[in-house]
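Okay, structure first, notes after.
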Amino acid sequence: MSELLVETRGQSEIWLILNRPKAFNSLTRTILDDLAIALTDFEQDDNIRVVVLAATDCPAFCAGADLKQVLEKAEPGEKDFLMQCRTSFGALRNCSKPVIAAINGMTMAAV
């Protein structure tokens, strides 16, 4: 099961949906990588006019970082967790298209 679902709604909306309900949608390396890739791809697509960031139905929209992964050492030459956050959040912040956060529950700690 994918940790980040990508749904097209209508002809111009893309929904990026955090999909780790058992872990309160906490952010993993996989989610961060997939988020950065998706945002880069949609940035190039003139048909996409808006990106919506949402989460699967659970008590929390996002519990922040998966702390187990934050503490893991990166392999030589790999980005550590915080650098992955910087890359993904930078892609989110610099997206030229409107990004809507459809927050549907609690939000917790962040990196």
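The values are calculated or read from the model by the stated rules, or taken from the named source; none is laboratory data. Since this is a predicted model, take the numbers as computed values, not measurements. Note: ideal-geometry Cβ built from the backbone for every residue, glycine included; neighbour counts use all protein chains shown.
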*Wholly enclosed strands (runs of 3 or more DSSP E) of segment 2-104 bearing at least 1 residues without any contact (Cβ under 8 Å) to a residue 12 or more places away in the chain and of a type outside the set (D, E, K, R)*: 4-9
*asked:* With the requirement that a residue be under 14 Å from D41 (Cα atoms) and of a type in the set (S, T, Y), what does segment 77-105 give you?
replied: S88, S96
_Index of the failed condition, I100 passing every other in (1) touching a helix residue (DSSP H, G or I) at 6+ places or on another chain (Cβ under 9 Å); (2) loosely packed, with under 14 Cβ neighbours inside 10 Å; (3) modelled with pLDDT of 95 or more_ = (1)
